[in-house]
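The values are calculated or read from the model by the stated rules, or taken from the named source; none is laboratory data. The model shown is predicted, which means the values in this text are computed figures rather than measured ones. FYI the Cβ positions are ideal-geometry reconstructions off the backbone, even for glycines, and counts take in every protein chain you see. When the accessible area is computed, the model is the full protein with side chains, heavy atoms only, and any ligands, DNA or RNA have been set aside. Shrake-Rupley method; radii C 1.70, N 1.55, O 1.52, S 1.80 Å.
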Amino acid sequence: MSGKTIAVFTKNRTNPAYEAARLGADRTAARNGARILHFVPDKPDDIEQQIALVEQAVAARPDAAVFVPVHLTALDDSVRKLNAAGIPIVNILNRLTTGQFVTFVGSDDYRLARDIAAYLFRHIGGKGDVLIMEGVPGAVTSRERARGFRDAAGEWPGIRIVATRVGDFQEKTARKVMTDFLAASIHIDGVLSANDVMSLGIISVMEAAGLSVPVIGVNALPEAIISIKAGKLLATVDFDALKIACIATEAAIRHLRGETVPAEIILPVQVVDRTNYQPWDRPLEERECPRWNDIVT
């Protein structure tokens, strides 16, 4: 595999989950003698910039691509260009519906959202008013997590979703949105947030306002684990972009070797709270890539 080049497309440099994904790709490529080219928009989740980056990648002629789109449908033509150039694509995190792919690697966003929502609802005694903080409009992960949150709430008669806001999967945006929400004086008993960085922004705003409301997140980032240990973040889910990118990069390498790769690889997830956080209580650099045979059976 020496000399093979893999283009890795991530959505931004502001969400630590994508830092983790790049780290996982780099680590797996180095172990297999391959080289990574990273393509990241300067402006977070910018559609036009990612389209331009695909053009750059096609010109660079990598042997394969690991691709997370910034939007569900806006990158369809870009995917077609990669296909036309004969560059095999491993789609990760946000599942695309147009184009040809070696495999999709991710986790079940809908199921993990239902699980973590039910955790919050149990914690608040099965009744209360809840805020949903969604991620980026057009992102599959955000859409499926929000759908899971709402469907879970529908199974709890005492739970009422009082509002839904958009935090773009960014801490800064979530802080601004939560500040505006609190200014409206809407009572809430809990917050369902679609990722950890938004959760941490929400918590910081509520702390500044002298409020304490249980908040959940998604990703099990090191910063979220620190918050759980401190009794601030109630729980998170180990939707681990590092692990997903490790497996995705290995899938690309195995495909280039001529090996058969499953059309879909779904990594399991787990709710992480104060009772079981220890395996995630380490920096990203110290977290290990999963073994292929432990994930792909």
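Worth a mention:
- Top-ranked residue of segment 187-214 - restricted to ones that are of a type in the set (Gly, Ala, Ser) and crowded, with 19+ Cβ neighbours inside 10 Å, ranked as farthest from ASN15 (Cα to Cα): GLY190
- Criterion violated by VAL177 - all others in (1) within 24 Å of PRO69 (Cβ to Cβ); (2) touching a Pro at 6+ places or on another chain (Cβ under 8 Å); (3) open to solvent by 10 Å² or more (accessible area, probe 1.4 Å) satisfied: (2)
- The condition (being assigned to a strand (DSSP E or B), more than 23 Å from ILE247 (Cβ to Cβ), aliphatic (A, V, I, L, M) and open to solvent by less than 50 Å² (accessible area, probe 1.4 Å)) is satisfied by just one residue among VAL130, VAL105: VAL130.
- Test: VAL177 is of a type in the set (Val, Ile, Thr), assigned to a strand (DSSP E or B) and more than 17 Å from the chain's Cα centre (by Cα): no
- Checked against (1) farther than 26 Å from TYR110 by Cβ; (2) under 18 Å from the mean Cα position of the chain (by Cα); (3) touching a residue at least 12 places away in the same chain (Cβ under 8 Å), ARG257 meets all criteria but (2).
Listed here are the residues, each with its yes/no results for (1) out of contact with any strand residue (DSSP E or B) (no Cβ under 8 Å at 6 or more places or on another chain); (2) within 18 Å of ALA248 (Cβ to Cβ); (3) open to solvent by 10 Å² or more (accessible area, probe 1.4 Å); (4) in a helix (DSSP H, G or I).
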residue: ARG22; (1), (2), (3), (4): no, yes, yes, yes
residue: GLY33; (1), (2), (3), (4): yes, yes, yes, no
residue: LEU37; (1), (2), (3), (4): no, yes, yes, no
residue: VAL66; (1), (2), (3), (4): no, yes, no, no
residue: ARG80; (1), (2), (3), (4): yes, no, yes, yes
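- Qualifying residue in segment 114-126 (condition: assigned to a loop (DSSP other than H, G, I, E, B) and on the phi > 0 side of the Ramachandran plot): yes
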